[in-house]
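The values are calculated or read from the model by the stated rules, or taken from the named source; none is laboratory data. If you're wondering where the values come from, they're calculated on a predicted model, not measured in any experiment. Positions of Cβ are generated from backbone atoms using ideal geometry, with glycine treated the same way; all protein chains shown enter the neighbour counts. The protein model used for the area step is the full one, side chains on, heavy atoms only, and it has no ligands, DNA or RNA in it. Shrake-Rupley method; radii C 1.70, N 1.55, O 1.52, S 1.80 Å.
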Amino acid sequence: MPDQLRLLLGEDVIAQRVAELGQKIARDYRSSSQVLFVGVLNGAFIFLADIVRQLDFPHAIDFLRVASYGASTETTGAVQIRKDLEISASDRHLVIIEDIVDTGLTLSFLLGHLAGSRPRSIEVCTLLDKPSRRQVDLVPKYVGFTIPNEFVVGYGMDYNEKYRHLAGIHVCVPDPTEGIRVP
Ligand code: PRP
């Protein structure tokens, strides 16, 4: 049985909201120096690319990668850094770019990790927020869409590394016979 996909947010709806978010971030940070956008790989790569193209002020971009979900659709709660920043976060204004905040465990870990470098400020911009799933008290400053508790793919987000390329965001009900790939 194939995975079942149902469109949740179309390409045009996403583009409109990303433009609004990017313009808000531009207003908030235009007069700041030393702004660093931190993309959380892999899921945020498309969102970050679209956000930064809305910006009209000098900024730096770097990426880090954490392991949290593994190959399943549920978080394990165990978060590890797989690739750290290469630009120093010290004395910079950080904007963490995430595709989705679910339990908040990944972000909670990242905020603690990045705070250790003594940045000037840290804020979070996430395309999607699932507050009903939250296990830690955490409210991102910039949120594209608040969504219900459904597993979503597309626009950078995957199921077993599939569907990241899709332009829209889809609810995915995985094929129950596929099994879970060990990363
Ligand atoms: C997703 C997403 C967040 C995290 C959110 O990453 O990009 O980093 O899960 O979940 P949480 O709030 O429950 O911690 P994922 O581990 O799926 O990796 P990927 O970005 O490489 O697909």
Mind checking whether some residue in region 99-108 is buried (at least 18 other Cβ atoms within 10 Å of the Cβ) and touching a residue at least 60 places away in the same chain (Cβ under 8 Å)?
yes
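Quick grid of which residues meet (1) crowded, with 16+ Cβ neighbours inside 10 Å; (2) polar (S, T, N, Q):
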{"site": "L7", "(1), (2)": "no, no"}
{"site": "S31", "(1), (2)": "no, yes"}
{"site": "V35", "(1), (2)": "yes, no"}
{"site": "F57", "(1), (2)": "no, no"}
{"site": "L110", "(1), (2)": "yes, no"}
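Assess whether A78 counts as being exposed (fewer than 14 other Cβ atoms within 10 Å of the Cβ), at pLDDT below 95 and not polar (S, T, N, Q). Explain how you work it out, then say what you get.
Working: exposed (fewer than 14 other Cβ atoms within 10 Å of the Cβ): yes; at pLDDT below 95: yes; not polar (S, T, N, Q): yes.
Judged against the criteria, A78 is a match.
Of all residues in region 128-158, how many are aliphatic (A, V, I, L, M) and within 12 Å of the chain's Cα centre (by Cα)? Can you show your working first?
Filtering region 128-158 down to residues aliphatic (A, V, I, L, M) leaves 128, 136, 138-139, 143, 147, 152-153, 157.
Of the ones still in play, those that are also within 12 Å of the chain's Cα centre (by Cα) are 128, 143, 157.
Residues flagged as aliphatic (A, V, I, L, M) and within 12 Å of the chain's Cα centre (by Cα) within region 128-158 amount to 3.
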Looking at region 137-171, which of its residues are among the hydrophobic types (A, V, I, L, M, F, W, C) and within 12 Å of the ligand (Cβ to nearest atom)?
L138, F151, V152, V153, M157
Check R53 against each of (1) open to solvent by less than 20 Å² (accessible area, probe 1.4 Å); (2) more than 14 Å from the chain's Cα centre (by Cα); (3) of a type outside the set (A, V, I, L, M, F, W, C) and name the one condition it does not meet.
(1)
Among the residues of region 129-174, how many are open to solvent by less than 40 Å² (accessible area, probe 1.4 Å), part of a loop (DSSP other than H, G, I, E, B) and on the phi > 0 side of the Ramachandran plot?
3
